[in-house]
Amino acid sequence: MKDLLDRLLTFEGLGELLAQPFVQNALIACAVLGLVAGLLAPLIVSRGMAFAVHGTAELAFTGGAAALLTGIGVGIGAVAGAVVAGLVFGFLGLRQRERDSVIGVVLAFGLGLGVLLLGLYSGRASNKFGLLTGSIVSVDSTNLVVLGVIAVLVTAVLAVLYRPLLFASTDPDVALARGVPVRFLSLLFAVLIGLTTALAVPIVGAILVLSVMITPGAAAARVTANPLMATILAVLLAEVALIGGTVLSLAPALPISGYVAVIAFLGYLGCRLVARFRRPRIAAA
Amino acid sequence: MAAPVASPHLPRQRSSREPALSLRSARVSFGTRTLWDGLDLDVAPGEFVAVLGPNGSGKTTLVRVLLGLLALSAGEVRIAGRTPRRGSPSIGYVPQQKALDPDLPLRGRDLVGLGLDGHLLGLGLRGRRARRVRVDAALAAVGGSAYADAPVGRLSGGEQQRLRVAQALVGDPDVLLCDEPLLSLDLAHQRVVTRLIDERRCAAETAVLFVTHEINPVLPLVDRILYLVGGRFRIGATDEVMTSEVLSELYRTEVDVVAVRGRLVVVGADAHGHCESAS
């Protein structure tokens, strides 16, 4: 047991590792991803779109696998897959019940297709594994540029459309009555999710995208109902999980996704505990 | 991009006597099916008009026309002298109560604030102080200040509907459009919500269009009734419309309207339509 813990939590040679350019690239990528994911997370939670994000991530994986096989950049494949998924889920509209089952259907198909594509791929095994569980080596300087551009794009769209998006996400009926283009925003938001998911897939892996795109928002929603505070808290949690996870994963040379997922989960547990002590449970009326 | 701010505390005084809302020979049809035709209705400032009728009679469609979400097939509609457009500040909208997720990250004051500027672009960083004053005033007017910072999903249905009234009134509208706002509320909360709407109507001469399938909770307030049934309609004072003759004609079947201890009970409208009991 102790050996295992020593293996998981070691800091040997961490200083030298941190000086490596690829590590620094990864840390910058994580910081940017944490910001964008944290900004989106409370809206995703408000819209009840956790499952849609998961489905989007699996299709980003399919796109990435297809790109790996055909020799196009994995990043481009992931973006294409995720945006297509986002649009499909966005077109399905707001009806929760229908949406859930369609996401399940598309997700299963995408995952199966992705596994098949990976099976056909004869290159390095770490490339395959990286798509599913993430890897910091996958972040090079080209990826950083793509990441930066998409992050600026997503943040700019949010800055312009934040109020209508919040309105449509939390109070869709009245938003519609007030002339907010709810359907268009639903599509647009799906594209924003697609883009962000595609960025997250190479870093944390398709399976664990939820830990940076949902967990911080869900945790924040436990302790505050103030949308601004929830957003700030979600960004902080996402940053701590991503950067902390990266640093901890360096010396043991293990996939970062496990560390990120555990830190995010601990943050969520912490928020639930805080909520429990702070306000007595109110029976939902 | 801030909304034009009048006095933050007092509703604007309506100057003219022109109708707050007017429909002229209005028709809505979808393909070959006409929902209603030749609808003429003027609602004066401060007037309370109840819109009654069974499901599918076009009440919701009328609401959509007034909100500027649907164009008339023929005729004309004006709100405060202008054709309604999406997000118009002249109209406030109170929806029916609906269960909200208890973990929705939104406070009462956010819900009200979205009614003021939720449809606008930008982050709204300028004019935040003026916004806060208006939101606080709207919250105070419905007695909602005490739970303004609580998550909306954890409030009771009655508290949520109070916030809905504040959300509709915070923009100081000329017309208040209420779409079944009392549905699923208990009697006490029905009274509170109706009183709030009535207070506003008297204080600011806001015209009220109140869509409902249960007339009794608002009976004392109603000036006129628009009763829609299957493309036919009748407009008039309560005692002109809520009679056995008129409703029998509208429903094309024998219907009795009975007054029981100050309440109106409609008996005999078929299951397809409208079957109220003295609940």
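Below is a table of values for the structure above.
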| quantity | calculated |
| --- | --- |
| Count of residues meeting criterion [in a helix (DSSP H, G or I), more than 14 Å from chain B (Cβ to nearest Cβ) and more than 25 Å from A:I136 (Cβ to Cβ)] in segment A:78-101 | 12 |
| Residue satisfying all of: in segment B:87-98; within 8 Å of chain A (Cβ to nearest Cβ) and over 16 Å from A:P164 (Cα atoms); most open to solvent (accessible area, probe 1.4 Å) among these | B:K98 |
| One residue from A:G75, A:G119 being away from every other protein chain (no Cβ under 14 Å), open to solvent by less than 70 Å² (accessible area, probe 1.4 Å) and over 20 Å from the mean Cα position of the chain (by Cα) | A:G119 |
| Single condition A:L242 does not satisfy, out of (1) open to solvent by 30 Å² or more (accessible area, probe 1.4 Å); (2) assigned to a helix (DSSP H, G or I) | (1) |
| Residue pairs meeting the criteria (Cβ under 6 Å; at least 6 apart or on separate chains; first open to solvent by 30 Å² or more (accessible area, probe 1.4 Å), in segment A:36-63; second outside any helix (DSSP H, G or I)) | A:A50/A:I214 |
| Residue in segment B:151-162 that is part of a loop (DSSP other than H, G, I, E, B) and more than 15 Å from B:R195 (Cα to Cα) present | yes |
| Selection from segment A:164-181 of residues that are more than 8 Å from every other protein chain (Cβ to nearest Cβ) and crowded, with 22+ Cβ neighbours inside 10 Å | A:L165, A:A168, A:S169 |
| Failed criterion for A:A29 (all others in (1) open to solvent by 10 Å² or more (accessible area, probe 1.4 Å); (2) under 16 Å from the mean Cα position of the chain (by Cα) hold) | (1) |
| Residue within segment A:146-156 that is open to solvent by 40 Å² or more (accessible area, probe 1.4 Å) and within 14 Å of another protein chain (Cβ to nearest Cβ) present | yes |
| Those residues of segment B:210-256 which are among the charged types (D, E, K, R) and closer than 12 Å to B:G53 by Cα, in sequence order | B:E214, B:R232, B:R234 |
| Residue ID - surrounded by the fewest Cβ atoms within 10 Å (Cβ to Cβ), chosen from residues in segment B:99-113 that are charged (D, E, K, R) and within 7 Å of chain A (Cβ to nearest Cβ) | B:D103 |
| Selected residue (only one of B:P95, B:P84 is in contact (Cβ under 8 Å) with a residue 60 or more places away in the chain, closer than 30 Å to B:G38 by Cβ and out of contact with any His (no Cβ under 6 Å at 6 or more places or on another chain)) | B:P95 |
| From the options A:I214, A:I263, residue that is touching a helix residue (DSSP H, G or I) at 6+ places or on another chain (Cβ under 7 Å) and without any contact (Cβ under 8 Å) to a residue 40 or more places away in the chain | A:I263 |
| Among residues of segment A:187-200, those that are farther than 25 Å from A:L27 by Cα and either basic (K, R) or surrounded by 22 or more Cβ atoms within 10 Å (Cβ to Cβ) (or both), counted | 2 |
| Selection status of B:D198, open to solvent by 20 Å² or more (accessible area, probe 1.4 Å), in contact with a strand residue (DSSP E or B) (Cβ under 8 Å, 6 or more places away or on another chain) and acidic (D, E) | yes |
| Single unsatisfied condition, B:P84 versus (1) assigned to a loop (DSSP other than H, G, I, E, B); (2) facing another protein chain (nearest Cβ under 9 Å); (3) touching a strand residue (DSSP E or B) at 6+ places or on another chain (Cβ under 8 Å) | (2) |
| Looking only at segment B:114-147, and only at residues there that are away from chain A (no Cβ under 11 Å), in a loop (DSSP other than H, G, I, E, B) and touching a helix residue (DSSP H, G or I) at 6+ places or on another chain (Cβ under 6 Å), the one that is farthest from B:V165 (Cα to Cα) | B:G144 |
| Pairs, first away from chain A (no Cβ under 13 Å) and under 16 Å from B:R24 (Cα atoms) in segment B:56-79, second assigned to a loop (DSSP other than H, G, I, E, B) and β-branched (V, I, T), C-beta under 7 Å, six or more apart | B:V77/B:T83 |
| Only listed residue being farther than 26 Å from A:A60 by Cα, at pLDDT below 90 and hydrophobic (A, V, I, L, M, F, W, C), chosen from A:A225, A:A251 | A:A251 |
| Subset of segment B:56-87 [among the polar types (S, T, N, Q) and more than 15 Å from the chain's Cα centre (by Cα)] | B:S57, B:S73, B:T83 |
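Yes or no, residue by residue, for (1) under 30 Å from A:N226 (Cα atoms); (2) of a type in the set (D, E, K, R); (3) at pLDDT below 90:
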position: A:L35; (1), (2), (3): yes, no, no
position: A:V45; (1), (2), (3): yes, no, no
position: A:A66; (1), (2), (3): no, no, no
position: A:G73; (1), (2), (3): no, no, yes
position: A:G86; (1), (2), (3): yes, no, yes
position: A:F89; (1), (2), (3): yes, no, yes
position: A:R99; (1), (2), (3): yes, yes, yes
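The values are calculated or read from the model by the stated rules, or taken from the named source; none is laboratory data. Bear in mind the structure is a predicted one, so any value in this text is a computation, not a measurement. Glycine gets a Cβ as well: all are built from the backbone with ideal geometry, and neighbour counts include every protein chain shown. Ligands, DNA and RNA are stripped out before the accessible areas are found, and what is left, the full protein with its side chains, is counted by its heavy atoms. Shrake-Rupley method; radii C 1.70, N 1.55, O 1.52, S 1.80 Å.
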